[in-house]
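Pasting a structure below so you can have a look.
What follows draws every value from the coordinates through simple rules; no lab data is involved. What you see is a predicted model, and the numbers here were worked out from it, not measured in a lab. Virtual Cβ from ideal backbone geometry, glycine too; neighbours counted across all protein chains shown.
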């Protein structure tokens, strides 16, 4: 070997691009491009973080026992079957790294979260992207793609960027039909916004090859801290813990997350606001001729008739100081993903798009 070379798959990874945060010359920017909580973090978490900062010269716990106990208490889980990570992204990295490698295959769907192909390449595994049907995960397409080399299926539910939800019956059918050597990962970053859906917890509780993941970045408003968790069979969690950095979460992360997960009143407030304003935004978009599926997340994917229409709508929003996310990389060049905001923020979006439509 005559030069330094990266591991196979690394150079296949395109750099991740986050949602835009600034508009040139605009001071009052309304950022609706990253699916952040418009109410911010719960005050209880801010207070806990502030208190914990006094002890940040000390190393954090390596087992995350207090946070796992809090998650277990609130969600009715077994703490020994929980693992915590730097966002749910790191938990997804744990499972792909621990169970897949060169010669193996990881399946995800065509409009799935953009981290899935990245995680697959990081593990050195082969990417298998399967089609969806009307922007909803197609269980039969996934099952048809399974081979003896398949090790992991990555499934966002609710999905990003579509906001669609695969029903419990179909989830169970998928879990039942997968071979026991294939891990079904149900990525539940937006699950709290899907009222009545347990995020796959019941499947993970009773099956050795199902892992569910959650994040504190969305409904809990802790995106800037990066905290997530996973729940699965004890054996799977033990394997993943072996490759977890012992001090992957800081004292302030742990303290803020524990306070946030225990603040169930805040959670209910955020769910109620999102449910109300999501319905309002969806109805207005449809009246303006922008197609959108029923969303089960904290955003709505609006689809214009043409890319040119989408460009014009985005320009109108930007002119009013509003940032949304274009999702051409997810297969929707005509798509505009709009985070659900407060009543005032939603009104601002509707007004800007109404003016654009009336002028066109």
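With a 10 Å cut-off between alpha carbons and a GNM built on the chain, which of 247, 216, 299 moves the most?
247
Order 217-223, 184-190, 143-149 from most to least packed using the mean count of other Cβ atoms within 10 Å.
Values: 217-223: 23.6, 184-190: 27.1, 143-149: 13.6.
So the peptides 217-223, 184-190, 143-149, ranked by packing, come out 184-190, 217-223, 143-149.
Hey, another quick one. Report relative contact order for segment 44-262 in percent, whole number only (criteria: Cα-Cα under 8 Å, sequence separation at least 6). Kindly include the intermediate steps, with their values, before the conclusion.
On the way: 409 pairs, mean separation 66.3, N = 219.
Relative contact order of segment 44-262: 30 percent.
What distance in nm separates the two pseudo spin-label positions at residue 29 and residue 5, each 7 Å out from Cα along the beta-carbon direction?
4.1
Further question: Ignoring everything except DSSP H segments at least 4 long, calculate the 222 nm mean residue ellipticity for the chain; use -39,500 (n - 2.57) per segment, divide by total residues, nearest 500.
Helices in the chain give a 222 nm mean residue ellipticity of -12000 deg cm²/dmol.
Please express the Cα-Cα pair-distance distribution P(r) of segment 275-342 as a list of whole percents, one per 10 Å bin, running from 0 to the bin with the greatest distance.
22, 58, 20, 0
Among 76, 40, 200, which one shows the highest mean-square fluctuation when the chain is modelled as a Gaussian network with alpha-carbon springs under 10 Å?
76
If you restrict to DSSP beta bridges whose two residues both lie in the chain, what percentage is antiparallel, to the nearest 5?
On the way: 19 of 38 bridges.
Looking only at bridges with both residues in the chain, the antiparallel portion is about 50 percent.
Could you let me know the centre-to-centre spacing of segment 185-222 and segment 89-159, using Cα atoms, in angstrom?
Segment 185-222 and segment 89-159 have Cα centres separated by 17 Å.
Here's another thing I want to ask about it. Beta carbons within 10 angstrom, averaged per residue: use that to sort the peptides 208-215, 328-335, 258-265, highest first.
Packing proxy ranking, top to bottom: 208-215, 258-265, 328-335.
Can you list, largest first and rounded to whole Å, the semi-axes you get for the chain by taking the square root of 5 times each eigenvalue of its Cα gyration tensor?
Details: eigenvalues 207, 136, 82 Å².
Semi-axis lengths for the chain are 32, 26, 20 Å.
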